[in-house]
Structures are given as structure tokens and as C-alpha cells.
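None of the figures in this text is laboratory data; all of them are computed from the coordinates on show. These figures come from a predicted structure and were not determined experimentally. Every residue, glycine among them, receives a Cβ derived from its backbone with ideal geometry; neighbour counts consider all protein chains shown.
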Amino acid sequence: MSNVDYDAYDEEEDSWVIYKLSEVALKLIPKKCLKELFKMAGNEEELEPEIGNVYGFIYHVLNFKIKVPIKRFIWKIQKAMFFGRYKTQCCFERIENSELIKRLTKVINHVESSFNKLASNLNLIKAPPTKEPCTGFSCCFPIEVWYLLVKDYNVNAGNLVRVNKELCNFFAPVVYKSIHMDITISPIDTLQTFYSHYCNFGSTYLFQPSSPFKMYKMLHDSQNFQYEFIDLIHTSSSNDNADNVSTRYIRNFRDVKNVFENIISNPNSLFKDFVKELTTSICFLDGFDKFTKEGSNFAGTIQSLSNKTKLNVLASDFNSFDTFELDENYEYYIRKGIDFDLEELDCLVNDFTVPRFPYVKETLPESEFYRELTLPGIVQDDFKKDSKYRSQIFNANSMKDLESSNPFQRWNEELQPDTWNYDRETKTQLKGAGSIKLQNRSFFSEVDTQNFLSNFVHSIASMNVKKTSKTSTLIFGSHDIENSYMDDTEEERDQNIPFSITPHMIIINGS
């Protein structure tokens, strides 16, 4: 049973009601009966019938004996509604994607086009002559004139890119001479573990997502896939793509995939003639060892590139650093696949809402990554802190260069003065989950993932070999994370012992 200090009780409406009920109970119920009720609530100590103890008893009964069963019942109804909604959506999607609908749509479009053409030819629809407005800059001047205006008269080409497709295709390579693309990948196992736990025990979660059905849908959409590509955003970053920034950052996976398929892999693209520098970062939040194991398609690609004399392929492990879970007890229940003990986790609500954890309510329970987000957090912060760090690592030509430009070593040095786990944990969480947010996901099979990344890395490296652009690819992740404690007892989980991450980095540069 919870013991609540009356002097510290919350002044919110529900707390005020509980306090008034406590006053009434003290007046109407004999003290002997109150003591028996305290024992029935599971309190090992004999408590006196005082206002604080009565308040704690009523709080315990209302929150854990009445509200919890009601919430669990409502959650079962919600899950049934999610199931029906999901099946209905799948049914409509199958209908929309069916061959019959595609053929009908094609016929309707053809009939509509034919009718419009016929009406135009027969002059059935007449409109008074009007002067056609100039909606595109290219209709004012030829594209060559706009090029001279940009080149000789300092017209902002960044604005012209937004006008129409013709100007975009022409000036985009001029505006973005340097491009950086980020890819973040993880096995689907982590998502399925965390999301299935929420779908089973969502009523007892401390915080609720903005869209519970979205989590339900994502869990079922991912069932037949093995990997997910994740769009990460850095909440503390400034606008990377401002007009005065010479490097164009692409972090949305769909955009990365579009650039790869339509530009990098396109032999007729003018892109390669304009872009002078192309850098990419591929981050494995988890599953790095499995994906790069000997015999895999991706490992074979890295090996073949290392044999090319015009490329430098460097790989190295670095000194390990510590990271922490959001809370050992919280993740313990998820890993074990069991329902939360709300009485045990009740204190976490206050812990997670203090200013030290301002991001928790925004990320739980959608984000299944806490400790893993430290990896991209360290690298992105390091690149943003000083542009020379990014330049050093993407121009590394020797193991000495790679080790001296290692962002994880700088992070280790930053943590070194702090000896207390509490301080180290706070810094680590703010570096990872506190500043890195998950935005979108794309699911792929293992075969498609291996093939895409292999072709992606090979195509970019080939641009360097052919001297069309200076390219560099950074691949980083960690060896399998192992916790340093046995999570079988609450005492061991409460020790707040860190996890040790050993980062591994591969860099592919031109020689």
C-alpha cells in the first residue's frame, strides 16, 4: 500500500477529492476497522489511522484495485476495434490495388482524355480569349538566360529551384554541390518486442501514444519483414538546408532511395557532373554483427571494394563507452513479455516528468530505442559541433586518421570526469533519446535490405573510382550489446548498472 505524506499531497482535483474522502473516513470508520483495512491492503507494518495513511489507502484502492481492472477491460474492447479497423483497411487496400480496379481506372482515364480531346477538336467548349499568365520563370526567359542571371548577377538559385520542375532539374545540381545522406537501419525484432508488449498490456502503460492504432498497425504491417529503415531527426539541430548552407542534407529514407534510383544509378543523370562531394552515413542501431557477418551480400561488397586500388576501405573497433536504459524496471517487463506491476512503477511517473526527463512523455511508448540512440546522437552532435570533425572522418586515408577523428573517443573523454552513474546516465540519455527522435519507418525483407545497401555502397564508391565526384561512406554500429547484470531480481535492476557498447566503424574513401 502506498504511504502518502499529506504535507506533500498534490493539489490537483483528484488529490483534493481523495483528501476529503480521507477526512470523512476518519470520522465515520472506527480506528480498529481502519487498521484491518490497512492489513487487507497488504501492508506488512501496522499503520495508525492517520490522515496520511488513510489517504494512501484510498489512493491505492482507487488507482490499483478499481481503475486498473476497468482500464484492462476497456483495452480489450479497444483491441477488438483495432482488429476490425485494421482488417477493413487491409481489405480496401487490396481492392484499390487489384487488377480490376487498375484496369477500370485506366479505362476511365482513357475515356475522359478522349472526350476532352474530342470536345476541344469540335470546339464544343469555348472560352473568351485571355492572356495566359506567366506562372513559370522559364516562360519569361530561356533557361540559358536564367543561368547567366544566377552566374553573373547573383540571382538566388535556391529560390529558382522551387519554381517549377524545369528550373529545379537545371539548378538543383548547381545549388547543391555537396550532398550528405543519412541511413538508419535496425532489425525488426526490437520493434516487434516493444510494440507487441504495448498491444497486449497497453492499459497499464505509464504514458499513452498519440495514436494507439498506429502502433497496432505498425506491429502487424511489419510481421513479414526483417528490417526497418528509420528516419531520425535531431531536435536540437538548426536548419541544415538553409540557403547559406553549401551541403544538402537528406535524412528521409524515401528521398535517399529516390536519389539513389533516379540519379546515382542513372547513367544519363547530369547530377554526377555538378556534385563535387557526396558523403553518406549508414548507422546500424542494432544487428550490426549479423548484417555484416562473413558470407552476407553486404560483407562481400565491402570486401570487393577493399580490393580496389583507387579506394581506401578502413575498419576498426574503438574503445567501448557506457549507455543506459531509460529505466531498468520499465524495460525488464517488456523484455520478459509480462504485464507491468503498477505499484512498483508508480514512482516512475514523477521521475519521468521532472525537468531532467522532458522528452520522455513525447517518446514513450512509440520509441523502442533508448540506449541504441546514443550511437547516432554522438556522431551527429560531433559533426554539428565542428565541421572539421565531419571533414576529418570523411577524408581519412589511414588507420591513424580514422582513430584521430573518432567521435566516440571524444565522447568517452567528455564523460570521463563524471564518476557517478546518475550523472553519466543523464548525459547519455540527453545525447541519445533526449535529442534524437524517430519520425518514419519503412519495412523491408532481409534479401531486399542486403541488396539495396550493397548496391548503394557500391554505386557511390564507383563514382569515386570513375572520378566523377569525391565520395565517402561511413558505416557504423556496435557489436551486440550485453548487459553487465542479471535482470532476475529487483535489487539487481535497481543498481542502475550501465551497458557497455563497443562501436565499430567502416569508412570507404577515395585514395
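Can you run phi through the Karplus equation (6.51, -1.76, 1.60; θ = phi - 60°) for the stretch 55-71 and list ³J(HN,Hα) in whole Hz, with x for Gly and Pro?
4, x, 5, 5, 4, 4, 5, 5, 7, 10, 9, 10, 5, 4, x, 5, 4
Quick check: net charge around L314, other residues with Cβ under 13 Å of its Cβ, Lys/Arg +1 and Asp/Glu -1?
-2
Roughly what would the spin-label model give for K151 and R410, points 7 Å off Cα along C-beta, in nm?
With each label placed 7 Å out from Cα toward Cβ, I get 3.9 nm.
Whole-Hz ³J(HN,Hα) for each residue in the stretch 142-149, computed from phi via Karplus 6.51 cos²θ - 1.76 cosθ + 1.60 with θ = phi - 60°, x for glycine and proline: what do you get?
With the stated coefficients, the stretch 142-149 comes to x, 4, 5, 5, 5, 5, 5, 4 Hz.
Within the set K65/K87; K177/K437; K361/K385; K384/K470; K65/K361, which residue pairs have Cα atoms separated by over 32 Å?
From the list (K65/K87; K177/K437; K361/K385; K384/K470; K65/K361), the Cα-Cα distance tops 32 Å for K65/K87.
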